[in-house]
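Okay, structure first, notes after.
Please treat every number below as a calculation from the coordinates, not as lab data. Bear in mind the structure is a predicted one, so any value in this text is a computation, not a measurement. So basically every Cβ, Gly included, is an ideal-geometry build from the backbone, and we count neighbours across all protein chains shown.
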Amino acid sequence: MYRRLMITLTLLFLVLIFPALADQHNFEAFHASLTLPDGVYETVLTPRNLASHEAFIQTQGGTVAAWEADFLARGIWLQAYDQDADRVLVVSALKDVDGQRFFDINEHPSSVRADYRKSHGRDGAWSVLGYNYDSISWKNFSSGRFLQLRYSYRQGGELVCRGFQRRTIRNGYTITVDLQVFGRNLTSADNTALNKVFDTFGFTQLLPVPELPITLAETATAPVETYKRTFTMKGETKPNAKLNAVVMSFTDTQGQVFNVNADNRGRYSLPIELPREGNYLMTLTVESPGLESLSKSYSITYQEGLLPALISAPPPDLFPQDSFTLMGRTEPDVKVILSVNGVLSEKRTGRDGEFSFKMDTSIEG
């Protein structure tokens with residue numbers, strides 16, 4: 001009797017010391033890992049186990065071969081299903097253009113991160129793929145800087161899902177932890193579910209940043225139309241890079257050259273003076289020893305008395321939503337008139353010269 005009691009106590013003690021192993025997943029390609037909470041995600045797919053989940057894939061209307069191709073194309077490393085809450089957790093990492101260009105977003109100045117954030121806006125590259133982000137912000141986590149994103153995703157104009165994402169660029173990959181919900185609106189509980197997983201995300205290794213190509217983040221660029229003879233180009237590029245601007249008139253073969261060197265932080269200010277009224281082509285070249293140069297061209301019209309207007313948010317060919325806001329910039333204290341199907345709207349700009357018009361696009365036409 002005494003010996004049986006000792007055996008039982010020993011077994012209980014071992015269970016307390018060695019609890020059930022957590023569902024940890026390691027991603028060797030981009031040197032990261034995360035842990036899924038116990039008992040939440042019934043089906044967990046990875047590129048290596050798709051064949052063993054053939055029955056489940058068929059219930060989703062797919063085949064193993066098609067899903068293998070889809071996982072490879074979209075860089076999916078984990079896809080986990082919480083069927084009770086209609087949630088799907090997707091971890092993807094792509095060695096895409098942004099990954100090659102930036103390699104590690106943490107190593108770039110704030111202006112570069114701001115431009116990357118803007119690429120998720122209404123007219124950015126992600127909108128072309130069907131994503132509409134209504135919340136976009138950077139946050140510094142223990143594992144580095146990530147974009148916090150809230151979105152809806154459409155294909156062919158039809159709503160597919162909504163979700164929360166965390167996205168960064170590190171170790172040469174664009175990495176996204178994505179919680180998708182289907183058939184309902186997002187709730188705070190969905191964001192909490194994502195955070196439970198994301199709090200366990202971390203990098204197992206950070207690769208050294210290679211010599212990256214030259215980048216150019218403009219904070220003040222050349223005007224398309226202007227009534228002023230002078231303007232100043234400003235922004236950030238590689239520290240100590242040389243910037244050369246060649247201004248050519250369409251009526252004169254003699255070009256003018258303006259140049260400046262970026263400072264130790266990569267910031268530059270390049271004044272440009274146009275010789276006379278007319279149409280110009282300006283080519284800006286950025287050079288740094290040992291790197292391929294970067295060039296960018298601008299068309300400029302200079303005419304005294306010309307009132308410039310730059311549309312920063314032009315209307316798309318198709319309006320996917322019931323309203324659209326047209327935004328732009330001109331000179332301060334200017335009256336701006338918008339005509340839509342003969343209906344006039346009027347605004348006056350403030351000190352910043354910005355204007356916006358909200359248009360009703362709920363009626364097809």
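Numbers for the structure displayed
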read-out: Per-pair calculated FRET efficiency, R0 = 41 Å: Asn140 and Asp360 via Cβ, rounded to 0.05; value: 0.55
read-out: Pair Gln256, Asn191: separation of 7 Å Cα→Cβ label points (nm); value: 5.1 nm
read-out: Per-pair calculated FRET efficiency, R0 = 51 Å: Glu211 and Gln58 via Cβ, rounded to 0.05; value: 0.60
read-out: Simple Cβ-charge dipole of the stretch 310-360, Lys/Arg +1 and Asp/Glu -1, about Cα centre, in debye nearest 20; value: 160 debye
read-out: Percentage relative contact order, the chain, counting C-alpha pairs under 8 Å, at least six apart; value: 10 percent
read-out: Relative contact order %, the stretch 310-360, counting alpha carbon pairs below 8 Å whose residues are six or more apart; value: 38 percent
read-out: Nearest-ten-degree value, helix 188-198 long axis tilted from longest Cα axis of the chain; value: 80 degrees
read-out: Sparse-neighbourhood loop sites, trypsin sites (Lys or Arg not before Pro) in the stretch 292-358 - DSSP loop, at most 15 other Cβ within 10 angstrom; value: Arg351
read-out: Cα-Cα over 32 Å, subset of Lys242/Lys358; Lys234/Lys347; Lys242/Lys347; Lys95/Lys242; Lys139/Lys358; value: Lys242/Lys358; Lys242/Lys347
read-out: Sparse-neighbour loop sites [GluC sites (Glu not before Pro); the stretch 239-348; at most 16 other C-beta within 10 Å; DSSP]; value: Glu277, Glu292, Glu304
read-out: Fewest-first ranking of Leu89, Leu338, using other Cβ atoms within 10 Å as the exposure measure; value: Leu338, Leu89
read-out: Calculated FRET efficiency for the pair Gln321/Thr35, C-beta based, R₀ 35 Å, to 0.05; value: 0.40
read-out: The stretch 163-260: chymotrypsin sites (Phe, Trp or Tyr not before Pro) in DSSP loop, at most 11 other beta carbons within 10 Å; value: Phe250
